[in-house]
Amino acid sequence: MEELCSDPKALIVDFFKEFHRRGYAVGSGGAMGVINEDSITITPTGLPKDMLKPSHLVDCDHAMNPLDAQLCRPSACLPIFAYIWKQYPSLKAFIHTHSINSVLAANKLATSDEHRQSHFGVKDYEQIKAFGIPNTSYLVVPIIDNKPTEQDLVDPILQAAALPDHHPSENVKMVLVKNHGIFVFARNIIEAKIYMESLEYLFELQLKS
């Protein structure tokens with residue numbers, strides 16, 4: 001896996017173009033990023049995701065300050081990613097999309113019980129194994145309300161990420177935001193892509209059930 005992730009900028013560009021083709025990312029919506037040894041690489045704000053080039057990606061230090069001269073401004077999701085990484089140092093990649101299925105799942109498929117707050121839940125599908133748990137497990141993705149800005153989402157996402165019994169393992173954190181989309185945090189960008197695509201599949205299955 002480490003060898004496959006050796007050129008994260010190229011992967012981010014390829015993944016976002018693929019997500020655009022699938023309808024997961026439209027216009028300038030969404031973001032991806034990775035933590036490097038001395039920096040954070042993140043997608044820019046305000047650019048169509050199907051037109052991204054590696055040179056458009058923004059490099060910041062771990063305090064979120066852009067390094068040297070940059071062609072573009074970093075995504076507004078940068079604080080969310082940086083604070084999640086500081087709380088969970090093994091989670092060095094993230095993907096955020098505004099996909100139709102994620103918004104519908106957050107808005108229409110929310111449930112709750114005595115053990116868990118508002119969440120998307122599903123079990124018994126084979127694709128659940130993609131998260132490193134048995135297919136009979138109950139996969140849970142917490143759901144939170146949207147806020148006016150991404151900065152306002154930092155604390156709610158951190159709180160959702162810390163909820164017990166709301167995540168399949170410490171190797172992944174996932175949060176749905178009503179009227180907004182999905183955030184996935186993982187150990188590397190390839191794992192984040194696997195989790196994102198698996199969630200999209202499960203969202204669509206439940207929405208069509």
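Computed from the coordinates by the stated procedures, all read-outs in this text should not be read as laboratory data. Note that the structure is predicted; figures quoted are calculated from it, not measured. Here the Cβ is made from the backbone with ideal geometry for all residues, glycine too, and neighbour counts use every protein chain on show.
Below, the figures for the structure above:
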read-out: Residue pairs, from the table K9/K108; K92/K147; K92/K208; K17/K129; K49/K123, whose Cα atoms sit over 30 Å apart; value: K9/K108; K92/K208; K49/K123
read-out: Cα-based helix-to-principal-axis angle, 78-87 vs the chain, degrees rounded to 10; value: 70
read-out: Exposed-loop-free span, longest in the chain, where GluC sites (Glu not before Pro) count as exposed if DSSP calls them loop and at most 15 other C-beta atoms lie within 10 Å; value: 38-113
read-out: Calculated from backbone phi, Karplus (6.51, -1.76, 1.60) coupling profile of region 182-190 in Hz, x at Gly/Pro; value: 10, 10, 10, 10, 9, 6, 7, 5, 6
read-out: Isotropic mean projected area of the C-alpha convex hull, region 8-208 (nm²); value: 10.3
read-out: Furthest towards positive pole of dipole, S90, L78, V103, structure part region 1-139, Cβ charges; value: V103
read-out: Within region 100-209: Cβ-based charge dipole about Cα centre, in debye rounded to nearest 20 (Lys, Arg +1; Asp, Glu -1); value: 160
read-out: Shape call, region 86-139: gyration tensor on alpha carbons, a/c limit 1.5; value: rounded
